[in-house]
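The values are calculated or read from the model by the stated rules, or taken from the named source; none is laboratory data. Remember, it's a predicted structure, so these values are computed and weren't measured experimentally. Please note: Cβ atoms are built from the backbone with ideal geometry, for glycine as well, and neighbour counts cover all protein chains shown. To get the accessible areas, we keep the full protein, side chains included, count just its heavy atoms, and leave off ligands, DNA and RNA. Shrake-Rupley method; radii C 1.70, N 1.55, O 1.52, S 1.80 Å.
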Amino acid sequence: MNIDFETHLNFTMIALSDPTPRTILEQLTRGEACVTDVAQPFEISLNAVSKHLKILERAGLVRREIRGRNHVLHFEGKRLAEAVEWIGTMSRFWEDRLDALERLLRERKAQAGTKRSA
């Protein structure tokens, strides 16, 4: 399946918006794990955990490997790094815009002060 960057970014943001997939990702950053091991700390059904895993897989944040009867999950950091880069770009954009607004407001305030003293 060939999915573009924007679609992956959307899936990544959806996955990260929920605490359960975020917790699963944190667990997988410590190493691979079977689906049943990933599901154990949660007080939800295995089926519910599986739905969260599908969201993570669709986002490209988790890769599933089948070893016999075991489904082993791996953290995939590339898509997360892309999301971090995009967020950084947006952050720099808005910081620049806010800095420009601040300069404009200071200039106008200075001009208003100059007009009053004249």
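The table below gives the values:
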| item | result |
| --- | --- |
| Rounded percent of accessible protein surface that carbon and sulfur make up, the chain, 1.4 Å probe | 53 percent |
| Cβ-derived FRET efficiency at R0 41 Å, Ser50 paired with Leu98, nearest 0.05 | 0.45 |
| Sequence-distant residues sharing a close amide H with Glu76 (under 5 Å, placed H) | Val62, Arg63 |
| Per-residue HN-Hα couplings for region 10-21 [Karplus 6.51, -1.76, 1.60; θ = phi - 60°; Hz; x = Gly/Pro] | 4, 4, 4, 5, 4, 4, 6, 7, 10, x, 5, x |
| Isotropic mean projected area of the C-alpha convex hull, the chain (nm²) | 10.9 nm² |
